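Comments concern the structure below.
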Amino acid sequence: QVQLVESGGGLVQPGGSLRLSCAASGSIVSSLYGMGWYRQAPGKQRELVAGITSGGMTNYADPVKGRFTIARDNAKNTVYLQMNSLKFEDTAVYFCNFKKWDSNYWGQGTQVTVSS
């Protein structure tokens, strides 16, 4: 019933920027959820990139600190990931996540490819 729909991925040159969006549909009160972005590169485990709590506190993985920004818009049931100064190492499938104590939802994944 609850679905997370991602958009904004694509091909970008090193040093470029992308903004990922993830919008939830269905019976959800988004203000109750922590939200996050994860990524999985070929041959690697899925890792947390950035998270934002229901209270608005953020955290970032060390490789993206200073380059990526996570934000949420509860009125739109949406979480964003602004990605700047992109590097080859950022190439991965990116997944959004909404989580609270009794629920855990994932987006379908969107490909981000950084290539010259």
Query raised in the report: Out of all the residues in the range 12-23, which are open to solvent by 30 Å² or more (accessible area, probe 1.4 Å) and either farther than 17 Å from residue 81 by Cβ or among the polar types (S, T, N, Q) (or both)?
Result: 13, 14, 15, 17
Query raised in the report: Any residue at all in the range 1-18 that is of a type outside the set (Gly, Ala, Ser), modelled with pLDDT of 95 or more and at positive phi?
Result: no
Requested in this report: Taking the residues in the range 102-116 that are out of contact with any strand residue (DSSP E or B) (no Cβ under 7 Å at 6 or more places or on another chain) and part of a loop (DSSP other than H, G, I, E, B) as candidates, determine which candidate is least open to solvent (accessible area, probe 1.4 Å).
Outcome: 102
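Kindly indicate whether residue 85 is under 26 Å from residue 116 (Cβ atoms), touching a residue at least 40 places away in the same chain (Cβ under 8 Å) and part of a loop (DSSP other than H, G, I, E, B). Let's see the steps before the verdict.
Values: under 26 Å from residue 116 (Cβ atoms): yes; touching a residue at least 40 places away in the same chain (Cβ under 8 Å): yes; part of a loop (DSSP other than H, G, I, E, B): yes.
When the stated conditions are applied, residue 85 passes them.
Residues are listed down the side, and each one gets a yes or a no for (1) within 15 Å of the chain's Cα centre (by Cα); (2) among the β-branched types (Val, Ile, Thr):
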{"position": "41", "(1), (2)": "yes, no"}
{"position": "55", "(1), (2)": "no, no"}
{"position": "72", "(1), (2)": "yes, no"}
{"position": "93", "(1), (2)": "yes, yes"}
**Report entry** Filtered residues of the range 24-49 (kept if open to solvent by less than 40 Å² (accessible area, probe 1.4 Å), in a strand (DSSP E or B), within 20 Å of residue 103 (Cβ to Cβ) and of a type in the set (A, V, I, L, M, F, W, C))
**Finding:** 24, 35, 37
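Only one of 76, 87, 99 is open to solvent by 80 Å² or more (accessible area, probe 1.4 Å) and under 13 Å from residue 18 (Cα atoms). Can you tell me which? Working first, answer last.
Numbers: 76 fails: under 13 Å from residue 18 (Cα atoms); 99 fails: under 13 Å from residue 18 (Cα atoms).
Among 76, 87, 99, only 87 is open to solvent by 80 Å² or more (accessible area, probe 1.4 Å) and under 13 Å from residue 18 (Cα atoms).
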Query raised in the report: Which ones in the range 49-82 are free of Cβ contacts under 8 Å to residues at least 12 places away in the same chain and under 20 Å from residue 33 (Cβ atoms)?
Result: 55, 57, 59, 60, 73, 75
Report summary line: Pairing a residue in the range 1-17 that is under 18 Å from residue 96 (Cα atoms) with any residue that is basic (Lys, Arg), where Cβ atoms lie under 6 Å and the two sit 6 or more apart in sequence or on different chains, gives 8/19
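The values are calculated or read from the model by the stated rules, or taken from the named source; none is laboratory data. Computed from a predicted structure; not experimentally measured. Reconstructed Cβ throughout: ideal geometry from the backbone, glycine too, with neighbour counts over all protein chains shown. Protein only, heavy atoms only, side chains kept; ligands, DNA and RNA dropped before computing areas. Shrake-Rupley method; radii C 1.70, N 1.55, O 1.52, S 1.80 Å.
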